[in-house]
Amino acid sequence: MNKFAAIAATAALCAVTFSGFAQDKPLVAGFDGTFAPHAMPKMGGGIEGFNVDLVLEAGKRMGRKIEVFAGEFSGLIPAMNAGKLDFVGAPTTVTPERAANLLFSEGYLNTYYAFVVGAGKPDLKSLDDLKGKTVSTNKGSAYDKWLQDNAAKYGYKTESYGTNADAMQAIIAGRADAGLTGNTTGAYAAHKSNNQLRIATLKVDQGLVWGAVFRKDDNKLRNAFDEAIECMKADGTVAKLHEKWFGAKPEAGSAAVTAFPGYGVPGMAGYDPTPHTPRCK
């Protein structure tokens with residue numbers, strides 16, 4: 001009996017060990033490594049930025065190691081759906097179209113669409129000012145979709161580039177009259193352009209937020225990440241990252257400081273209204 005008991009105990013120990021290995025397997029998060037200041041190359045290799053810090057800290061709160069994968073934004077969601085990534089940590093605008101096929105965390109930043117122009121070029125004050133112009137953007141982004149959907153209406157031509165950096169460079173090189181990107185990335189690009197770019201007056205604010213992206217059936221991981229973000233909002237971590245990377249405190253009542261009820265983005269498909277109290281670490 002002792003022999004069989006020893007064998008059973010060893011088997012049980014192995015089961016626990018292998019279970020622990022499965023639990024500790026690193027999560028692979030995808031980023032657009034050119035979308036400064038959310039994710040961008042750093043000295044010595046790898047990427048850094050607001051979203052990299054946000055996701056790595058969320059991983060610590062979840063008790064999971066995060067591996068960072070950098071690629072073009074247009075390929076991140078397909079890679080996730082193919083099982084090559086566990087989730088997308090790149091800032092992704094939560095839209096009804098995307099929410100119908102994906103799961104999103106709650107929003108951690110408000111986002112609106114900002115137009116960028118050359119520093120010496122005329123300002124854009126209304127959508128009618130886009131007529132006859134070429135507008136650059138990041139391929140596969142929500143900005144790309146907005147431009148495609150409205151090109152005929154406002155009479156402009158759109159050029160899509162693999163990275164946001166290339167879209168901004170197209171303006172400097174004269175291949176585009178303007179560019180469309182997010183408010184934070186546009187401001188950062190203008191700041192780092194040596195006075196070659198500036199933010200136009202024109203913007204498109206649809207009341208949207210940025211969130212992390214998960215496979216449609218991965219409620220468990222989405223919910224765990226969501227709770228980690230809620231804890232980071234509650235203790236001021238997201239606000240500190242906002243100041244670090246954007247140079248300003250988030251506005252009162254904004255997504256950076258507001259923990260939303262349930263899991264996901266209220267009003268969007270995939271939202272789970274189940275009440276919960278996040279287990280903050």
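A few remarks follow.
- Length available on full extension from Lys220 to Ala119: 0.36 nm per residue minus the Cα-Cα distance, which gives 31.7 nm.
- Charge dipole (Cα centre; +1 on Lys/Arg Cβ, -1 on Asp/Glu Cβ; no other charges) of segment 97-217 amounts to roughly 200 debye.
- Annotation: extensible slack from Ala79 through Arg175 equals 31.5 nm (criterion: 0.36 nm per residue apart, minus Cα-Cα distance).
- Positive-end extreme of charge dipole, segment 112-207 - chosen from Ala190, Thr137, Ser160 (charges on Cβ): Ala190
- Rounded if a/c under 1.5, otherwise prolate or oblate - segment 112-207, Cα gyration tensor axes: rounded
- Per residue, the average separation of C-alpha pairs within less than 8 Å and at least 6 apart gives the chain a relative contact order of 24 percent.
- Charges were assigned to the Cβ only: +1 to each Lys and Arg, -1 to each Asp and Glu. The resulting dipole of the chain about its Cα centre is roughly 320 debye.
- Restricting segment 82-173 to trypsin sites (Lys or Arg not before Pro) in coil, as DSSP defines it, with at most 13 other Cβ within 10 Å: Lys125, Lys131
- Over segment 112-207, relative contact order from alpha-carbon pairs under 8 Å, at least 6 apart, %: 47 percent
- Projecting the Cα positions of His276, Gly83, Ala234 onto the charge dipole of the chain (unit charges on Cβ atoms of Lys, Arg, Asp and Glu, taken about the Cα centre) puts Gly83 furthest along the positive direction.
- Here each label is just a point 7 Å from Cα along the line to Cβ, and for Ser126 and Lys145 those points are 2.8 nm apart.
- Shown here for segment 200-242: trypsin sites (Lys or Arg not before Pro) in loop regions (DSSP other than H, G, I, E, B) with at most 16 other Cβ atoms within 10 Å, namely Lys216.
- The helix-only estimate of mean residue ellipticity at 222 nm for the chain, built from DSSP H runs of length n ≥ 4 each weighted as -39500 (n - 2.57), is -11500 deg cm²/dmol after division by the residue total.
- Folded to 0 to 90 degrees: helix 2-24 orientation relative to the chain principal axis, Cα: 10 degrees
- Between Ala100 and Ala152, the modelled labels are 1.8 nm apart [label points 7 Å from Cα along Cα→Cβ].
- Each DSSP beta bridge with both residues in the chain is either parallel or antiparallel, and the antiparallel ones are about 60%.
No value in this document is a laboratory result; all are computed from the given coordinates. Quick caveat: nothing in here was measured; it's all calculated off a predicted structure. Neighbour counts run over all protein chains shown; Cβ positions are idealised from the backbone, glycine included.
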